[in-house]
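What follows draws every value from the coordinates through simple rules; no lab data is involved. What you see is a predicted model; the values in this text were computed from it and never measured. When we count neighbours, we look across all protein chains shown, and the Cβ atoms used for this are built from the backbone with ideal geometry, even at glycine.
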Amino acid sequence: MNTSGDAATTRGAPIIEISGLCKRFGDFAAVDKVDLTVERGEFFALLGPSGCGKTTLLRMLAGLDLPTEGTIRIDGQDMSLVPANRRPVNMVFQSYAVFPHMTVLDNVGYGLRIDGVAKDEIRRRAEEALDLVKLGGFGNRRPDQLSGGQRQRVALARALVKRPKVLLLDEPLSALDAKLREAMRLEMVNLQETVGITFIIVTHDQSEALSMATRIAVMDAGVVQQIAPPAELYEFPASRFVADFIGSVNMIEGRVEAAANGRIRLACPGIAAPVEMEQDRLPAVGSTAWVALRPEKIDITKEVPPEPGLNRVSGVVEEITYLGETSVYHVRVAPDLPLIKVSSANLDRVTRRAFTWEDPVHLSWTSSCGVVLDR
């Protein structure tokens, strides 16, 4: 691969290239042989549970932690010998970390002042950055005069004012309440599109990653399990871990009876008829596999559905979770099987609910609405 400066800055070259990256603390591998690239202008997410290595990976990008093995290239340059303060990145931490004794304008311009930039230039660029995050006119306020969302925007402006090639965000919305967090997601997406800078966000919140990122790397135990756009991760997870971590899912275990011509037939304990699914990648006949079904892909009816070719199973409603716009029905189909979750939009008022506790029901799904996983 050509990694010369000219080649690296040509259109389409990745802004970040990570190869064989490892970080060990004694015998523990926090990050284990990670390979990934991030394209210019992407909003890229590192998603996973606490302790999966995503923040450690971000800190190595920032230069705050040094890799045990592997390389990081940013804009074609090997970062092995480049200290944190010389890297073309800036980082927004989970805590706002704004200086309480400074005005908003001074907070935003602080990094430029440390770099020796002229006062007039600091003011101009700080005001531009505040305009970008919709805080124009707030420059003379103190942080204690701002809301939590506004303080987070100050932290964003302070990172953007130095015009980094990559902006690193470590759980930047976790301290905000749910309503404000949802609003800030949209604002950050719009901001990223406006400035055109590559954003890399670390989060454990699946809805945050799905709603903001152009691509997501799902991590577990220091290893990247899958990298894909949000819709692909949700609809076509590569493993049970990814399927379970991204959204809600039913996992039905079975033995593969047949696999040919893009169709798989499984014998699933507790389900009388074989389950048939469509899939290009076919597991071996005789192997154990799991049918991953999203709750919204399953139809729930009182009568046996008449359509031919459907996968069907009968059961009894044991639990109902009311979520406002939807209700989730937890259906027992066999004594030894986990409850199957089925979500249904609440098109009518809850007092006119179609199903209630202890109702016998029929569940059905088409062969194309799930995915078969062998790991």
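Which pairs break 31 Å Cα to Cα here: Lys134/Lys165; Lys23/Lys134; Lys23/Lys165? All intermediate terms of the calculation are to be shown ahead of the outcome.
Details: Lys134/Lys165 21 Å; Lys23/Lys134 38 Å; Lys23/Lys165 24 Å.
Listed pairs above 31 Å: Lys23/Lys134.
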Taking every Cα atom in the range 317-375, find the radius of gyration and the maximum pairwise distance Dmax, and write them in Å. 13.2, 42
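Compute the semi-axes of the equivalent ellipsoid of the range 79-174, taking the square root of 5 times each eigenvalue of the Cα gyration tensor, and list them largest first in whole Å.
Ellipsoid semi-axes (Å, largest first): 21, 17, 11.
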Could you give the angle, 0 to 90 degrees to the nearest 10, between helix 119-132's Cα long axis and the longest principal axis of the Cα atoms of the chain? 20
Between the range 229-299 and the range 81-121, the Cα center-to-center distance that results, in Å: 49
Simple label model, 7 Å out from Cα along Cβ direction - Cys369 to Thr321, nm: 1.9
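Kirkwood Rh over alpha-carbon pairs of the range 5-241, then Stokes-Einstein at 37 °C and 0.692 mPa s: what D in µm² s⁻¹, rounded to an integer? Write down the numbers at each step before the final one.
Working: Rh = 18.4 Å.
For these conditions, the coefficient is 178 µm²/s.
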Sticking with the crude label model, points 7 Å out along Cα→Cβ, report the distance from Ser287 to Phe99 in nm, one decimal please. 5.9
Mind pulling the angle between the C-alpha long axis of helix 178-195 and the longest principal axis of the chain? Nearest 10 degrees, somewhere in 0 to 90. 60
Which peptide among 331-343, 215-227 comes first, and what is the full order, when sorted by highest mean count of other Cβ atoms within 10 Å? 215-227, 331-343
How high is the FRET efficiency between Val328 and Asp27 when r is their beta carbon distance and R₀ equals 35 Å, given to the nearest 0.05? 0.25
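Which of the peptides 37-48, 105-116 is most tightly packed, and how do the rest follow, going by the mean number of other Cβ atoms within 10 Å of each residue?
Working: 37-48: 21.9, 105-116: 18.2.
So the peptides 37-48, 105-116, ranked by packing, come out 37-48, 105-116.
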Straight-distance crosslink candidates among aspartates and glutamates, where the alpha carbon sits under 15 Å from Lys119 and sequence neighbours closer than 8 are dropped: Asp106, Glu127, Glu128
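For an R0 of 35 angstrom, estimate the FRET efficiency from the Cβ-Cβ distance between Arg142 and Lys119 and round to the nearest 0.05. Present the calculation step by step, with values, prior to reporting the outcome.
Numbers: r = 20 Å, r/R0 = 0.58.
Efficiency, rounded to the nearest 0.05: 0.95.
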Once you've got the Cα coordinates, tell me which of Lys54/Lys297; Lys33/Lys54; Lys54/Lys162; Lys179/Lys297 are over 20 Å apart. Lys54/Lys297; Lys54/Lys162; Lys179/Lys297
Centroid-to-centroid separation of the range 301-331 and the range 182-202 [C-alpha atoms, Å]: 38
If you fit an axis through the alpha-carbon atoms of helix 104-114 and take the longest principal axis of the Cα set of the chain, what angle between them do you get, 0 to 90°, nearest 10? 70
Nearby aspartates and glutamates by direct alpha-carbon distance to Lys302 (threshold 18 angstrom, same-chain neighbours under 8 apart not counted): Glu318, Glu319, Asp348, Glu358, Asp359
With unit charges on the beta carbons (Lys and Arg positive, Asp and Glu negative) and the dipole taken about the Cα centre of the range 146-194, which residue among Pro164, Gly149, Ala175 sits farthest to the positive side? Pro164
Using the basic label-point model (7 angstrom from Cα toward the beta carbon), what is the Ser80 to Glu193 distance in nanometres? 4.1
